[in-house]
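Here is the structure we will look at, set down as structure tokens.
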Amino acid sequence: MEIVLSALSQGAIWTLMGIGVYITFRILNEADLTTEASFTLGAAIGAQLLVLGMNPLLSMAVAFLMGAAAGAVTALLITKLKINSLLAGIITLTGLYSINLAFMGSANLSLSGATTLKTQMGVFGLPRNVDTLILGVVMILIAVAALSYFFRTDMGQALIATGDNPFMAKSLGIPTGEMMLLGYMLGNGLIALSGYLVATDSGYADISMGIGSIVIGLAAIIIGEVVVRNVSLPVRLLAIFVGSVIYRLLLALVLQLKINTDNFKLLSAVILALCLSIPALQKFFAGKRAAGLPASAVPATPGARVAPVAGGASVAAGAAERAADTGVGEDGSEGAR
């Protein structure tokens, strides 16, 4: 029970990281390497402000804004200086290392004695991990509600269109550069917020705490998409929480096997690779099963059925129907409608 509760609480505060990665990875179709530095940035500046005595909610807001600023730098490198997105992320990542060190003053900053949201919740006498779980779930619900509303607005739809097809979006008069900037700012702001929450939960900020964090975010997204499929955008965002908890449980299982902790990152990468390969493996085995059955016994694939139309022609109506209902493309690569 203690392991499950720990996985739920840690999965909750890491879900914001997954949602931030989702915006750049799924909606903008970009692999943003700024993620790892933004995560540390939120932890570093948040911890320093808390040590200086700033109000926890205000320091959390500052951490979000600083993360958004980091995302803006990467987006401007891409859109204004025409630097490859991967290289732009690496450039920002490298520069933020020194900035994070400057904020903390050392490689590690303890929050011992500082007032945080978690210490303020101590008056309720909640059991261990329950306070973290409540705090994380509240933040997830706020983020999902805000993003669900935003992506229904004209600006949100323009952001989605920019990620889908920037050339078509530009031809329709959408300022794709500004939309890229907005997407990177939103994503990295949420990632910095996750770093802030993780630092307050751990009781310290560390210069290396962001290393490998993008793997955790991607794993939460992929696992969530495999477990909860063909749903609307708000549910897909909530599914990241499910994926994050499952990922934590997998790591807990690995720890229970007494595996050397030096191999922890390697195991995390293996778990992510397995998660990423699940859709391909499902298609492979589905094809094998279909090949071994008579055609009449093969069930129609949801979203791929062929519907007759006037004049004897036919169209594959399922994919378009599903995309219209859920915004999920046939290959599962989209989910922002």
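The values are calculated or read from the model by the stated rules, or taken from the named source; none is laboratory data. Note that this is a predicted model, so its numbers are computed, not measured. Methodologically, a virtual Cβ is constructed for each residue, glycine included, from the backbone with ideal geometry; neighbour enumeration extends over all protein chains shown. Heads up: the accessible areas ignore ligands, DNA and RNA and are worked out on the full protein's heavy atoms, side chains in. Shrake-Rupley method; radii C 1.70, N 1.55, O 1.52, S 1.80 Å.
Values as computed for the structure displayed
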item	result
Any hit, segment 100-123, residues being among the aliphatic types (A, V, I, L, M), in contact (Cβ under 8 Å) with a residue 40 or more places away in the chain, surrounded by fewer than 16 Cβ atoms within 10 Å (Cβ to Cβ) and part of a loop (DSSP other than H, G, I, E, B)	yes
Test: residue in segment 4-12 that is surrounded by fewer than 24 Cβ atoms within 10 Å (Cβ to Cβ), in contact with a helix residue (DSSP H, G or I) (Cβ under 6 Å, 6 or more places away or on another chain) and either without any contact (Cβ under 8 Å) to a residue 24 or more places away in the chain or small (Gly, Ala, Ser) (or both)	yes
Single condition residue 223 does not satisfy, out of (1) touching a residue at least 60 places away in the same chain (Cβ under 8 Å); (2) open to solvent by less than 30 Å² (accessible area, probe 1.4 Å)	(1)
Residues (open to solvent by 20 Å² or more (accessible area, probe 1.4 Å), of a type in the set (S, T, N, Q) and assigned to a helix (DSSP H, G or I)) located in segment 201-220	202
Subset of segment 147-179 that is among the aromatic types (Phe, Trp, Tyr) and outside any loop (DSSP other than H, G, I, E, B) - its residue that is surrounded by the fewest Cβ atoms within 10 Å (Cβ to Cβ)	167
Selected residue [in a helix (DSSP H, G or I) and open to solvent by 60 Å² or more (accessible area, probe 1.4 Å)] from 91, 78	91
One residue from 289, 229 being open to solvent by 30 Å² or more (accessible area, probe 1.4 Å), out of contact with any His (no Cβ under 8 Å at 6 or more places or on another chain), farther than 18 Å from residue 38 by Cβ and assigned to a helix (DSSP H, G or I)	289
